[in-house]
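Report on the structure given below.
Taken together, the values in this text are just the output of simple stated rules run on the coordinates, not laboratory data. Just so it is clear, the structure is predicted and the values come from calculations on it, not from any experiment. No Cβ is skipped: glycine too gets one built from the backbone with ideal geometry, and neighbour counts run over all protein chains shown.
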Amino acid sequence: MTLAHEAITWYDANARDLPWRQPDSTPWGVLVSEVMLQQTPVVRVEPAWRSWMTRWPEPAALAEDPPSEAIRMWGRLGYPRRAMRLHACAVAIVERHGGRVPSDLDELLALPGVGTYTGRAVATFAYGQRHPVVDTNVRRVVCRAVEGKPDAGPATTTADLVAMEALLPPDAPTAARASIAFMELGAIVCTARSPKCVDCPFHDVCAWRLTGLPLPEGPSRKPQRYAGTDRQVRGLLLEVLRHTSGPVPRQRLDMVWQDEVQRARALAGLVEDGLIETLGADDFVLAGDAPQGEIQTL
DNA sequence: AAGGCGTGGAA
DNA sequence: TTTCCAAGCCT
């Protein structure tokens, strides 16, 4: 019994019932879920995914609405640039692929917001192709079970793909199930902080467990702060824009953050990223909400 | 190729 | 309270 087959057997009995995994889910639904799941937990994605798919059941529907609507629908999932890119992705799918999510990996990777993980996930989970699919869960499971290390280091794309490739069964449908099974295992059993080894199908063969669950060696890299950063200020600014339909005067935005320098920097950043647009000298709107011909540049 | 980029919940 | 983490992407 290989690791892949052990994982698949475990997955068949323990997988969560998520809407984008239903038999009737579309490649578009899979793509939307993958983008939403980039750095956002499943529990917060699920209701947002349902709303999104109800409103925009296919790429063409989203492409017809302005980016501002995507940003509003994104709500508080975080990293709203993803909403922008998903909108741009829908436009590209309409323009380049006749409104159908492409199945070719290189065409997927060429879409905005679709990187190594997401492209392979869509090709594999939506189209049943055989590709290694490596996310943070897979990296953790493989490095523990195979290498015996407590935590995966920084992502090293090529090496990670090669390592997973070696574990994949030869036929595509089984390989796809193996990938989703490894991911699920990392998500609910082989978790970062409190792995539930008693529930793990790799219990008896896991190199990490067999060597006594050694702790991480050096000091962990310190996570990025959030409070007081430009990111927080951007979030506050965007929160105002999201809940306003018309132009928002600069004066209103001035209220969200004391530090004028930082506030201006955050605002300029949002414009730079294309999330918002300036209207005249002192009004702002979400991207795409400006009346024709009234967009000003800084 | 490190670091920027949101948000909320669990420990 | 603070820290850490959650199916990354882009530059």
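What to note about this one:
- Between A:VAL256, A:VAL122, A:VAL30, the GNM of chain A built on Cα springs shorter than 10 angstrom shows A:VAL256 fluctuating the most.
- Rounded Å value of the spacing that divides the Cα centres of segment A:245-267 and segment A:28-80: 26 Å
- Phi to ³J(HN,Hα) by Karplus 6.51 cos²θ - 1.76 cosθ + 1.60 over segment A:256-263, Hz, x for Gly, Pro: 7, 8, 5, 4, 5, 5, 5, 4
- Residue with peak Gaussian network fluctuation, chain A [Cα springs, cutoff 10 Å], from A:TRP49, A:TRP28, A:TRP208: A:TRP208
- Lys/Arg +1, Asp/Glu -1 at C-beta; chain A dipole; positive extreme among A:THR26, A:PRO47, A:ALA60: A:PRO47
- When Rg and the Kirkwood Rh are both derived from Cα coordinates, the Rg/Rh ratio for segment A:80-147 amounts to 1.07.
- With at most 15 other Cβ atoms within 10 Å, longest stretch of chain A clear of loop trypsin sites (Lys or Arg not before Pro) (DSSP): A:101-192
- The phi-based Karplus calculation (6.51 cos²θ - 1.76 cosθ + 1.60; θ = phi - 60°) puts the 3J(HN,Hα) values of segment A:177-186 at 5, 4, 5, 5, 5, 4, 5, 5, 4, x Hz, whole numbers, x for Gly and Pro.
- Amide H contacts under 5 Å for A:ILE276: A:VAL271, A:ALA287, restricted to partners 5 or more places along the chain or on a different chain, H placed in the peptide plane at 1.01 Å from N.
- Scanning chain A for GluC sites (Glu not before Pro) in DSSP loops with at most 12 neighbouring Cβ atoms within 10 Å leaves A:1-146 as the longest stretch between them.
- What the Cα convex hull of segment A:3-210 gives, in volume per residue, is 116 Å³.
- Dipole magnitude for chain A: computed about the Cα centre from +1 point charges on Lys and Arg Cβ and -1 point charges on Asp and Glu Cβ, it is near 840 debye.
- Tail weight of P(r) past 17 Å, computed on alpha-carbon pairs of segment A:147-260, percent: 72 percent
- Considered as an equivalent ellipsoid built on the Cα gyration tensor, segment A:73-186 has semi-axes of 27, 18, 11 Å, the largest given first.
- Along the axis of the charge dipole computed for chain A (Cβ charges of +1 for Lys and Arg, -1 for Asp and Glu, origin at the Cα centre), the listed residues A:SER179, A:HIS87, A:LEU111 are led at the positive end by A:SER179.
- Surface/4 estimate of mean projected area, convex hull on alpha-carbon atoms of segment A:1-66, nm²: 5.7 nm²
- Projected over all directions and averaged, the alpha-carbon convex hull of segment A:230-296 occupies 4.0 nm².
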